[in-house]
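Heads up: the structure comes next, in structure tokens.
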């Protein structure tokens, strides 16, 4: 019944709570059975949030004070668990006159369990006084938790100190940071991994509180970031999850100095691929913090290492970051050319996995609309088109999936495409129509053919009407049943404005030079491969292995 009242309090009308719940709780607080009394503080915590201040102080808080002095330690422990929340629900006068004395009594309670519960909630207790003057008793008690402030070494107290530090600093304000700076630095170097791990997860929150104090962030917090990055993976994960947020609180020179620390993850010989995935996840927000030159010189090498990672999840995460990197650098012709050269190295690699990464990058660039279709056609399309006849089936499957995105981009920006680009696109589709891989044919018929018609033998122009033809195999003269015709000739012979040029006029010459090199490039002959058989008919693109 008590638990039911605690649950229903916030959903019941005020009159019912005051007339029914409050009298029942007052009666149960004096129940002779301690198992009943120990449930009452939890219900009081729920009810006190919805009643008026008068009822909260005169009725409920007085009963809570009575229970906090109960002879049974289990009842007092139950009070200790909810004391911070009750303190935050009553007026300031009641906090100082009733809640604070309860806290002082419990912090020196004869039961260790009661003391532990009070110390666990110390940060929330301090936060309850935020916006006003935090009592010195609470501050002194918190400071006593630091390991160098006590002659008795208690690992649990040190962990509670680390866990509550952000809440205490938030309540006291960043101007009180100098009082804790040295103790906090020593705490971060504690011998317990659990303590360092807790502080690593909250380091970015401390940096946000001290953002205006640039000197403190650069000279006191930045070295701790580097220290945590050299720690065990359990600690390192904490700072990596919010590395971009933390670096954003530093001055630009310090930020650039600590950026290469992320690349050192691969030198640490970590076998935890999730750590490397976290680095890949930080690349997009990192691009917002640095200049285009720094992105190419320092962020791009990190992305390349992620793209070459042996674990698929890391590579997949890094692929989604490439459009962000390109988007931040495309206004600079020289930097964008470096990005393209990096991308093309994957497309021309002898490794089929790297060629697959190239196709995935092309698809991401088109989906995010970061690259103009004209620039894509001049720089990336020659290699992209070559991969439609790749010896590895999985590469061709990714190409045809990306082709659907390419066609959509073509429809939206048709006037920007040169006849040469349309000819390449048409040839690419023809090659797919004669591919004998069943998965490719399935993708072709389900994703691309519903919007276009691909005649395989008749080169004559086809008008924009629905074509009706017999059902034949993919090596016949035409494809299956009537399909709304987006004629292939529209890809190969439609007229385009001769003055159409890439959007980035300034970078046009560099782009064309790079495009000329890619037209003459050829993919290195790959090793002979075989498809790995999957037991699922609707599986994702399968991985491939080298044949012996």
Of all residues in the range 12-40, count the ones that are farther than 20 Å from residue 58 by Cα, without any contact (Cβ under 8 Å) to a residue 40 or more places away in the chain and part of a helix (DSSP H, G or I). 2
Residue identified as within 20 Å of residue 242 (Cβ to Cβ) and in contact with a helix residue (DSSP H, G or I) (Cβ under 9 Å, 6 or more places away or on another chain) among 187, 122, 145: 187
If you go through 174, 178, the only one that is closer than 24 Å to residue 204 by Cα, surrounded by fewer than 17 Cβ atoms within 10 Å (Cβ to Cβ) and out of contact with any helix residue (DSSP H, G or I) (no Cβ under 7 Å at 6 or more places or on another chain) is 178
Okay, helices (runs of 4 or more DSSP H) sitting entirely in the range 330-387 with 1 or more residues that are within 19 Å of residue 428 (Cβ to Cβ) and in contact with a strand residue (DSSP E or B) (Cβ under 7 Å, 6 or more places away or on another chain), I get 352-367
Being modelled with pLDDT under 90, farther than 27 Å from residue 132 by Cβ and not assigned by the TED database to the domain that holds residue 127: is that true of residue 190 here? no
Suppose the filter is closer than 23 Å to residue 250 by Cα, touching a helix residue (DSSP H, G or I) at 6+ places or on another chain (Cβ under 9 Å) and either outside the structural domain of residue 230 (by the TED database) or touching a residue at least 12 places away in the same chain (Cβ under 8 Å) (or both); does residue 304 pass it? no
Test for residue 100: is it surrounded by 15 or more Cβ atoms within 10 Å (Cβ to Cβ) and at pLDDT 90 or above: yes
Specify the residue that is surrounded by the fewest Cβ atoms within 10 Å (Cβ to Cβ); the eligible residues are those in the range 41-71 that are assigned to a loop (DSSP other than H, G, I, E, B) and at pLDDT 90 or above. 71
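Yes or no, residue by residue, for (1) modelled with pLDDT of 95 or more; (2) over 25 Å from residue 254 (Cα atoms); (3) over 31 Å from the mean Cα position of the chain (by Cα); (4) not assigned by the TED database to the domain that holds residue 101:
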site: 161; (1), (2), (3), (4): no, yes, no, yes
site: 178; (1), (2), (3), (4): no, no, yes, yes
site: 181; (1), (2), (3), (4): no, no, no, yes
site: 186; (1), (2), (3), (4): no, no, no, yes
site: 200; (1), (2), (3), (4): yes, no, no, yes
site: 207; (1), (2), (3), (4): yes, no, no, yes
site: 225; (1), (2), (3), (4): yes, no, no, yes
site: 236; (1), (2), (3), (4): no, no, no, yes
Every residue from the range 221-236 that is surrounded by fewer than 19 Cβ atoms within 10 Å (Cβ to Cβ) and assigned to a helix (DSSP H, G or I): 223, 226, 227, 233, 234
What is the number of the single condition among (1) at pLDDT 95 or above; (2) crowded, with 18+ Cβ neighbours inside 10 Å; (3) outside the structural domain of residue 171 (by the TED database) that residue 285 does not meet? (2)
Any hit, the range 317-325, residues being part of a helix (DSSP H, G or I) and either surrounded by fewer than 18 Cβ atoms within 10 Å (Cβ to Cβ) or assigned by the TED database to the domain that holds residue 232 (or both): no
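Using the structure shown, decide if residue 412 is at pLDDT below 85 and touching a strand residue (DSSP E or B) at 6+ places or on another chain (Cβ under 6 Å). Step through it out loud before you land on a result.
On the way: at pLDDT below 85: yes; touching a strand residue (DSSP E or B) at 6+ places or on another chain (Cβ under 6 Å): no.
No, not satisfied.
The values are calculated or read from the model by the stated rules, or taken from the named source; none is laboratory data. Nothing here was measured: the structure is a model prediction, and the numbers come from that model. Virtual Cβ from ideal backbone geometry, glycine too; neighbours counted across all protein chains shown.
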